Amino acid sequence: MKKDLSADGYDTFRERISQLEPMEFEEDFLWIAYLDREDLLFSLFEEDGELWNEAAQSNIPPLHSVRLLSLRPTDSRWWDDKCYTQMIEIYEAAVGQ
Amino acid sequence: MTDILLDTNVLADLLSIFFSENYRASRRFQPYQTISRELARRINQIVLWHDDNGYDGEDSPQGLIISSSFAFVEIARQFQAIANDRFTLAQFQSFIAQPPPWFFISALDESILKHLSYLPGEVIIPNGRVKSIELADALHIATALSRDN
């Protein structure tokens, strides 16, 4: 397989994790991406069986694909699209830094 | 119980074999690209056990073949290049919807977080060179380690 050009480095990720500990969370929430088989099935595919292009593309970092899939509002999820929108805003702000 | 955990490349090759006419006829995995003779033998051992016993559960005594949901995301991100006409999108979707009893799609969840924190940042590859590990590799390794919980 061709190496993903937008692949994240593990060192960077580990550094981010180590920074989490002393961090204070404004609303006492720490979101951890959760993606099991059912989530994957309902988030990754459109109703017509096509891939959901927003996440299934290689020009975004792999972890961002996971974020999009784990927060994509679907009928099987209890949250509305507010979480998804907030995540996009946080991500875009971080990328813009 | 010994599970076999497949990373993205090996998963893609396994799916290619699984959806091939040869597999449909023989129900046996043959060595192919990243799937060595020994790996094919171990996979067949697990598949045969499940076929014979009809056991469908995460704690199979014979072990399971496992991939992280992340490996499926990686395939989806480059579907055309990786599938390369070896399996279709509908087949890929059907595998996720109903994996065979010998295959388990491991969730990407908090259980792998602690393992991610303790992995080395670099590994020595077979030719002796030191290489930084990518996050994708780290996620596969942490998924394997989390199976021992």
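Each value in this text was obtained by applying a stated rule to the coordinates, not by laboratory testing. Quantities reported herein were computed from a predicted structural model and do not represent experimental measurements. So basically every Cβ, Gly included, is an ideal-geometry build from the backbone, and we count neighbours across all protein chains shown.
What size of dipole, in debye to the nearest 20, comes out for the range B:51-149 about its Cα centre when the only charges are +1 on Lys and Arg C-beta atoms and -1 on Asp and Glu C-beta atoms?
440
Convert each backbone phi in the range B:84-91 into a coupling constant with the Karplus relation 6.51 cos²θ - 1.76 cosθ + 1.60 (shift: θ = phi - 60°), then list the ³J(HN,Hα) values in order as whole Hz, x for Gly and Pro.
6, 6, 7, 8, 8, 5, 5, 5
Rounded if a/c is under 1.5, else prolate if a/b beats b/c, else oblate: with a ≥ b ≥ c from the C-alpha gyration tensor eigenvalues square-rooted, which is chain B?
prolate
Short version: ³J(HN,Hα) in whole Hz for each residue of the range B:68-80, in order, from phi by Karplus 6.51 cos²θ - 1.76 cosθ + 1.60 (θ = phi - 60°), x for Gly and Pro, what are they?
6, 4, 4, 5, 5, 5, 4, 5, 4, 5, 9, 4, 4
With axes computed from alpha carbons, what is the tilt in degrees of helix B:37-53 against the longest principal axis of chain B, rounded to the nearest 10 within 0 to 90?
Around 60 degrees separate the two axes.
What does the C-alpha gyration tensor say about the overall shape of the range B:90-149? Classify as rounded when a/c is under 1.5, otherwise prolate if a/b is larger than b/c, or oblate.
prolate
Restricting to chain B, compute how many DSSP beta bridges are antiparallel as a %, nearest 5.
Taking every DSSP beta bridge within chain B, about 40 percent pair in antiparallel fashion.
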